[in-house]
Every structure is written in structure tokens, then in C-alpha cells.
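Reading through the C-alpha cells given below for one structure.
The values are calculated or read from the model by the stated rules, or taken from the named source; none is laboratory data. Treat the numbers as computed from the prediction; the structure is a model and nothing was measured. Every residue, glycine as well, gets a Cβ built from its backbone with ideal geometry; the counts of neighbours run over all protein chains shown. Protein only, heavy atoms only, side chains kept; ligands, DNA and RNA dropped before computing areas. Shrake-Rupley method; radii C 1.70, N 1.55, O 1.52, S 1.80 Å.
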Amino acid sequence: MSQKPFTVGGIGAQPSLDDVVKIAQGGLVVALDAAGAERIKKESPAPKAFQPEAFTAPAQPPAAGAAPLLDAAQTRAVLATRLLTVMNGRSGARLQVADFLTQLLNRPGLLPALPAAPGDAAVLGALADACHGAGLALKQQEGGSGSGSGASASPHTSAEHPHTAAAAGGPLADALAAAGVAPPGLSAAERAVLSSGASAAAGVGALAVAGGKRLLSAATAAAALSVEALGAPTKAFEADVVEAAGYKGAIGVADELQGLLEGSKRADTFKDRSGDPAALAAFAGAPQRLGALGEALAGAYTAVRSEVQSGALAPKGTAVLSPPSPLLPSSLVELCRALLAAARDALARARAVAAPPGVEPPAAGSGPAATAAAVAEAVAAAEGRLAAAQRALVAVGSAMLEDVSALPSVQAALAANGALQAALEAVALEAVTAVVALRALEGPPAPPAAEAAEPAPAAPAAPADGKGKAAAAAGGKKDRKGGAGGGVVLGKGTALLRAYVERAAVAMAHGGGGKADGVLVVPPLTPPAAGAADGAAPAAVAAVAASLPAAWCGACQALQPHGPGLAKFLEELRGVVEANQARRKPKVPKGARDFLPEQMAIRERAFAAITGVFKRHGAVSIDTPVFELRETLMGKYGEDSKLIYDLADQGGEILSLRYDLTVPFARFVAVQGITNIKRYHIGKVYRRDQPQMTRGRFREFFQCDFDIAGSYSPMVPDAEVVAVLVEILTELRLGQFEVKLNHRGLLDAMLAIAGVPAQKFRPICSAIDKLDKEPWEVVKAEMVNDKGLPEAVADTIGQFVVLRGEPMALLARLSAPDHPLAQHPQGKAALDDLKIFFEMLQAMGRLGPVTLDLSLARGLDYYTGVIYEAVLQGAQVGSIAAGGRYDRLVGMFSGKDVPAVGVSIGIERVFAIMEAQMRERAAAAGKPLRAIETEVLVGSIGSGLQQRRMGLCAELWGAGIKAEFGYKPNPKMADNLGYCHENQVPFMVLFGEDEVARRVVKIKDMDAHAEEEVPVEELVPALKAKLAAREARLAAEAAPAAAPAAAAPEAAAAASQ
């Protein structure tokens, strides 16, 4: 059967690990890309310039089987990876070398025997020898060691699982000659290229990683099936429980488990009476264990993919430019460990399903006893293979610990493949055990329709462990709803896995032919009824011991990660899970929220007021990406850097969601080469914090920033920024507010005077910044106990941080010649800055709400001068705005400092306050919050006037009037009036057939309950006049309420003077 070849070396080609696996499994024919081959040919030396290396083939090839070898799939994976790196790089290797590797992959019987050595050098060195025709050809033996055919010859009967049979055949040179393939030979430089790097470990590791990703999905489904078989509790899978642990790897697994179990009536029916908290730990811990495996797979995938997609480089003299990656062995070791841990949990669940904890052991010789014994024997065999895989892991770890420079990458990759096989067998055994338990619980399937007239067999009695809640309904409604199968209602995903595994198990257990009914023959949970055929029960019991090993073997084949069946099944299973997830009750992600139309109306008003102030001060608007390079954000936020959201690594740049708008602005200034700018920016930012929705703390929220960058006279931009802040909070009419202000120079001087070491300044500032939430005693304890500060030093700090008051008065006190801050050089400079700053604010009438507060210590690392935050008095929402001067942040990106100062408005908290105030006013007026801004509703009385309404509405739109015409073709008067009242539309234009004939309309003032008739030609000016009058009236009514807030800054300024 012909197939499209997989081309290697194309421009911009990014081969995946799945491509390597397909080549390794013999599923792809490899061909060299024509353009890539031409490039390789041009970059390699001319034929006359080729200098073959001095090479002497071994006089006597090593004896077959003398040393362990890579099997055929692993060998092909190594060849494929090496070919990819040669074709994707600029190695200077000849095209003949790449073509030779291609023929080794495509021609049968030409695979070289490569040693299963610890490091890449030995494996790739043998590959380089093969390019001279030296070494042996690989001979792949049929079958496995001691694995005959049929159920009785299952390989799952010994304690040690043999390595895939791989042995050396005859000399490779003879095989090449018989196939008509000439080895290309190598130059010394080409040998260096082929022998360098980590292509061997990457190729073998690709099999483990790609297989592990598929096995993870199968293992998750098997864990869900075990939950069904036992009826285990699922509380540990709920989102709030998993999210509380803060481990993101577990969240996805828990969500998938819930999707698999959607619709189940069997889960959560088992009551554990064992009293042992660890009895069901493997069930409750499934999201964490499998989530850890997912994280390990992601790390190993990144390391292996980097090697697969790398390009080999020509050596510089004796220096190799493609050394093995030190990340590869460690990531594969972690993958190996995670696979083995997940496998042990799978076996623990299998044991619990076969012998439920807290339940009295079944009678000897009974069906459940036989099942438990057979499972226990199989688990012991699987644990033996896990132990062997763990010994291989220990050997790799020991080698890395004994010599920290050692890179046993191939050994680590082989250990990961061994762990993958051991994990496969554990997961398959778990799935088979669950299938057996469910089949025993349900009994044989319902009879065909032709036999429906016969009496139905009695349902099995419910066991005392609580599992019988679903089984007890076997003969009732659930039997009829669930179809053939006795009444256990499983989740749609787990039912699919159960059927898939049971079919494979039956096919193997019954000699490959399967049973007509497609179910396993297992003994029932209860003894047969009186009068049953003699010997039927013992025969069923004996069938368990005979069939379980073979059924296990069949499940292994069905769940083989690189097998053709599993990929198709997982695709089908994924479709079921995703469909189930769509039917589950949706929810808003934690720390985020939806906004209703009336809420968005309030938000737009707030944005309009804030933007108006920004523009009034001559600011321009910019925008930056919602994500930045991770390196751009890291190291700029001190201890808060842990709250940055990192995006998943998908093979490109390492990105994170922006934490604020200030650092992106500094990057913007550096990249664009800007030296002076006054800008505002409104956009969403993201913080991986524990949200407190009632206090206005979210994970996704808007910030409104105003910044001035550039060199100006001292404190001039600082004063304007704070003036902007005061104006915004005044216009928003939130109530009385306070702007707390301090100076970084005062903080540093204060800490230096107290005796704090310079390296602890920032951590201690972070502790001081908590004084608005915690009492001094708690903050002091953190300084002394957590940050190692002497108690006397902390007490000295306490004498400073209690100082706060009216700016000019406190500044005069601190500037006294005998005050310690005035005597400290940095403190004296800060006090001089503040004097200028306060005088400028006083001149603008914006000093009133400002308070000088020495306890304010913004925790961010980039502030260098004044710092400030605004709080609303009497509201428990924290700060509603904050900012400061940051003179060196831009220099972190460009190497050239651009001084800057800015403020950020916490719009979410502002919005929460505005919404509460507006809802309170609306409730007092007996009206709902208004979501629309419609000024006029164009209505009609009578039929056939909809187009007339639409045309008239278009005229109003053209005149800039906000209008609607209604969608009902023939609205009634009650419809028109109802819409105006519900949505607080102030005016309605109304007409009927009579008005149309006379070319007039009626304007109804909904507030005044008045009506006026005007000609159609005068409608627009008449409406504009009425709207202007209404606007003036509303402004006059709002003026008294706004007066106290507007007068507060000026009154406070006058008092300070």
C-alpha cells in the first residue's frame, strides 16, 4: 500500500514528537525535501574536497546478545531524530550521509544494532560506525520471551517483565551489500556531527513522552472507571476543593474526571467504614497524582522537543557546538518517577475495587473471594515489574548524583520507556478489575427480545458495603432505562471505556474469538438460586483465575499507547467528555466576573469621567499587548512576582500575562525610543492572587493609568499626577477620600537610621506596607520572626511608622534640624522634594485630601521617589488608586534611564462603590438601574406603520439623537408605554394613520406626563430643545449633591494655609 512520504528538511519545518513516533513504528516512509537536500548539497564540501577519516572496522564484530541493544522502534527513533537534526541544521555533512540514514529507515533489514548505552556518545558513535558499514544489523525476534499464543501464554504471569526482544544478526556490511546500499563513509568533521548532541536520548525519549501523553488520558479514564466500580466519593474532584490546593496540574484532571463521570448514578454510593483515612487515598488523590504526571510530561516534552527540532552545527576545530542538553536526563527521570507513582496508585485502586475497605471479607470459595484472589495475584506480578522499573530509575539517579556532570540521557530515556510499560500494565489491570467488578455487580446481560417473555432473573442482592444502591434497581426502572446490563447507570465516558476494555479482554480471554454476548464470564456477587445446575458456581469461580490474566493481557493491547486502537478510542472518548462538559452547569472562572448591561453602563460612565480628566491634562492614549515576555515582567514586583500568570510553553517565546500597566509602559518607552510622553492607558491586567470579591480584589481587572515620562523640573510632573488623581476621585463623587503619601527616600533613611541591613530594605518595606491591614504587633512579629530583624531595630522602626498627619505641619516637624531624618542625607533630600511638591499642590488647590503617612511602603521594587495611594474613608475596599515615581524602570530595558511618574486607578473597586451608590439611589426612587441611553422611542398606533417608524428613527439617528423604533410590527399603546417606563426612556414620538395623513407627530414627555404635537419637519429641533432642557434640569438637581465632594479639597487646602 503506497503512502505519502514524510519529508524531512523543509524550510521552516517543525517536526513533532508524534512524527518521530510514527517513523519509529514504521508508519511513515521518509523522504528528503528537495529544497532542503539542495541546501545540504551546497553547504557540504565538494566531492573532490572530501577527506575520509582514518577508520578501521573492528576485526571481530561483537557476539550477538553480548550487550543489551535498542529495539527496532528505539533504533528507528534514534535514526529519525539524527536525520532531522542533520537536515535542519548547518552541519556541513554531505547529502550522502542524510540519504544513507533515510535508506536505513526505509529499507527492511538494514537497521544497525545500536547499544543501549547510558550516554548518547556511545549510541551515536555506533551509528557513525554504521556509516562505514561497520557493526552488526539488528534482528528483531518475533514475539516476546516465553510468550506463546493463547490465553494460557499471557506474559502477565512472571514477576519480571522481559525487555522487548532485540538481538544482533549478521554483519551490517553484508545486509547493505545484499540490499545494494553503499555506506557513505565519514570525514572526521562528519563523525563529530553525528556523534554529538542528544539525538539518541531524544529519539528514545520521544517514545516515552508521546506514549505517556496518551497513557495519561487512559489512566484518567481508568481511575474514573474504578470510582464507578467501587462507588467511591467524588468530592475531591470538585473545582473548589481542587483549586483550594493551588495546584493547577490537578485542576484539568479533576475536570476531566467529572466529565467522564457525568450522568453516573453509581459514584458516591460507597460508604467507607474502615476508619482508615488512607483507605481511599488513591481515589481522592487521583487529580494530584495524575496532574503531577501531566506536569512531568510537559517538562519532558519541552526538553525532548527542543532536541528533536534542533539543528546540528559543524564543529569549530575540536569544539563541538551541539553538546547534549543537561535538562534532558533530569526531565526524563522526573517523568519516570511520575509514571511509577501513578502506576502504584492504579494498583491501589484495583485492590480497593476487588476488596473494598471496611467490608467483611467474602466467604472462601465464593465468587468475590475468587475475584479478589485473582486480582491480588495480578497486582503482585505488576508490582514486581514496577520494582524492576524503579531499580532502573534508581540506577539513573545514582549515576547523576555520584557524578553531577554525568549525562546518562539514553539510560534515563530507557528507564522512562520501562516505566511507561509498567504503568501501562498497572492501568490495564485497574481497568480490567473495574470491568470485572461491574460485571459481577450487574450479572449477565439481559436476554434478547425474543426471550423477553421468559421470567427475568432476580437482581443480585446489594452487598452490605453500600455498593448495591444502584444494583438494587437492576430489575426496576433503571434496568429498563439503562438497557441490557442490569441497572448500574455509569457515566457516559466511563461506560465507553468499560465497553472498550471489556471487548478487548473478552477477545483475549476466549482465545481471540470473543464471546457472542461480548461480556466477561465472572461469578456473581451472591450464591446461585436453589436448583441451579450442579457445578455451575465452581465453574464460574474457576473461570476468574483462568481468564483474568488473559483479560489483563487483552486490556494491555487495547491501551497500548502506540497502538492504533487507543488513538481512535481516545478521540471518541474526548468527544463524549467534551459533550458532557457542555451540558454541565457553566461557571465564571474564579476571580473573574460577567457584567450585566446596567453594570456596563455604570462602567462606561466611570471610564468617561476618568478619560475626560486625562484628556483635560493633555494626555495621549496608547495600548500594549495583554501578554509580555516573561523576562520583561520578572524581577519588577518584588515578592509579588509570584502572582504573575505564566502562559503555557507552546514552543515559542516564554510569555506571561501583564501584572500591571506600568512595566509594559516602561518597555514601550524603551522599545519606541521615547524621551517625553504624557499618556493614559486603560486595559485589563491579571494577578494569580486569592480573590476577595467583596473587597474588590480580582484575578482579572481593569486598570486606568496616567504617567508622565521625561526629564522636567523637580516635582512638577509628580504634582500634576497627584492633582489628576484628586480631580478624578472628586468627579466620580465616591465620597470623602484620602491620598496617603510618602517618599522612598524617607523610607530608606528611616530603615538605615534604625539599623536595618541594606539587603533587607525591600523585605522590611513589604512588611511595613501591611500596616493598613494588620496592627503593629503583627507586623513587628513578621519582621523579627520571619525576616530576622533584631527586636530593638523593629522598635525603632515603630517610632517612625506611627507618624502621619497634615502634610505641611508634619513636614515642618520632620525638617527640624535635630530630627534624625533631617540629619540623614537621603532623608534630607526627600524632605526637600516634598516641600516643593506640597507647595505646588497647594498652588493648584489639590493638597486638601493629601496626608503624609510614613507607614506607606508600596511593596513594588521599582519606585524611587514619591509614593502614594488613595483610600475611600468609611469603605472596606482597600486602596482605590496608587502610584509613584520610578526613574530607573525604563533603564532596565534600554540601558538609558527615562524618569517617570504615574498613578493607577483601581477601577474595579471604584466601580463597585459607584454601583452600590447608584443602586441605592435607584431603589430610593423606585426605579431599576438604567442599562440603555435611549432618549426617544418612536412608536405607532395601528397596523402597517413599522417602516414609517424605521424611517423616522433613521432621521433621528442622523441628527445624533439616540432612538429606537421597536421590533413589533403592530405594537399596542401599552407596549410603547411599558418599554419607556421599564427603560426610563424620557420621550416618545407617537403617530397613527391620522398623524401620517396630516404630516405631524406627537412628542410625549414621560417625566412630565405631557404631550405636544409638532410637524414632522420640526421634530428634530423640537426634540433637541426638549433634551437640552432636560439635561439642564438634571444637572441643576445633581449640583447640590456634588457640592460637598467638590468643595472638600479646596476647603482642606484653605484650612492647611
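In a simple Cβ point-charge model (Lys, Arg +1; Asp, Glu -1; nothing else charged), the range 936-1034 has a dipole of about 160 debye relative to its Cα centre. Surface exposure of the range 208-265, expressed per residue as accessible area with a 1.4 Å probe, stands at 31 Å². What the range 597-917 shows is 40 Å² of accessible area per residue, with the surface traced by a 1.4 Å probe over protein heavy atoms. R0 = 60 Å: FRET efficiency of Ala363 with Ile251, Cβ-based, nearest 0.05? That gives a FRET efficiency of 0.85. Sorting 216-226, 373-383 by average packing, meaning the other beta carbons within 10 Å per residue, from highest down gives 216-226, 373-383.
Which entries in Lys22/Lys48; Lys684/Lys896; Lys248/Lys760 show an alpha-carbon gap greater than 30 Å?
Correct reply: Lys22/Lys48; Lys248/Lys760.
Take each peptide in 415-427, 983-995, count the other Cβ atoms within 10 Å of every residue, and average; sorted highest first, the result is 415-427, 983-995.
Assuming R0 = 41 Å, can you tell me the calculated FRET efficiency for the pair Glu700 and Ile836, based on Cβ-Cβ distance, to the nearest 0.05? It comes out at approximately 0.55. If R0 is 35 Å, the Cβ-Cβ spacing of Ala35 and Thr302 corresponds to a FRET efficiency of close to 0.75. Highest average first, the peptides 168-177, 70-79, 348-357 ordered by how many other beta carbon atoms sit within 10 Å of their residues are 70-79, 348-357, 168-177. Provide the solvent-accessible area of Arg605, counting protein heavy atoms only and rolling a 1.4 Å probe, rounded to the nearest 10 Å². Accessible area of Arg605: about 100 Å². Length gained on full extension, Ala974 to Ala931, computed as 0.36 nm times the residue gap minus the Cα-Cα distance: 13.4 nm. Here the Karplus relation 6.51 cos²θ - 1.76 cosθ + 1.60, evaluated at θ = phi - 60°, turns the backbone of the range 567-579 into coupling constants of 4, 5, 5, 5, 5, 5, 5, 4, x, 5, 5, 5, 5 Hz, with x for every Gly and Pro. Solvent-accessible surface (1.4 Å probe) assigned to Asp795 amounts to roughly 70 Å².
Report the local net charge at Ile708: Lys and Arg +1, Asp and Glu -1, summed over other residues whose C-beta lies under 13 Å from its C-beta. Summing Lys/Arg as +1 and Asp/Glu as -1 gives -2. Checking the a/c ratio against 1.5 first, then a/b against b/c, what shape does the Cα gyration tensor give for the range 597-917? Cα axes put the range 597-917 in the rounded bin. Within the accessible surface of the range 936-1034, defined with a 1.4 Å probe on protein heavy atoms only, the carbon and sulfur portion equals 55 percent. Got a number for carbon plus sulfur as a percent of the range 597-917's accessible area, 1.4 Å probe? Within the range 597-917, the accessible surface is 52 percent carbon and sulfur.
Put Thr796, Thr494 in order of accessible area, highest first, and with a 1.4 Å probe you get Thr796, Thr494. Computed over the range 936-1034, relative contact order equals 26 percent, with contacts defined as Cα pairs under 8 Å that lie 6+ residues apart. Stretching the chain fully between Ala177 and Thr56 yields a gain of 41.7 nm (0.36 nm per residue, less the alpha carbon separation). Accessible surface comparison of Ser306, Ser199, Ser405, probe 1.4 Å, protein chains only, largest first: the order is Ser405, Ser306, Ser199. In a fully extended conformation the segment linking Ala395 and Ser713 would gain 107.7 nm over its present Cα-Cα distance, using 0.36 nm per residue.
For the range 597-917, a crude dipole built from +1 on the beta carbon of Lys and Arg and -1 on the beta carbon of Asp and Glu, taken about the Cα centre, is about 320 debye to the nearest 20.
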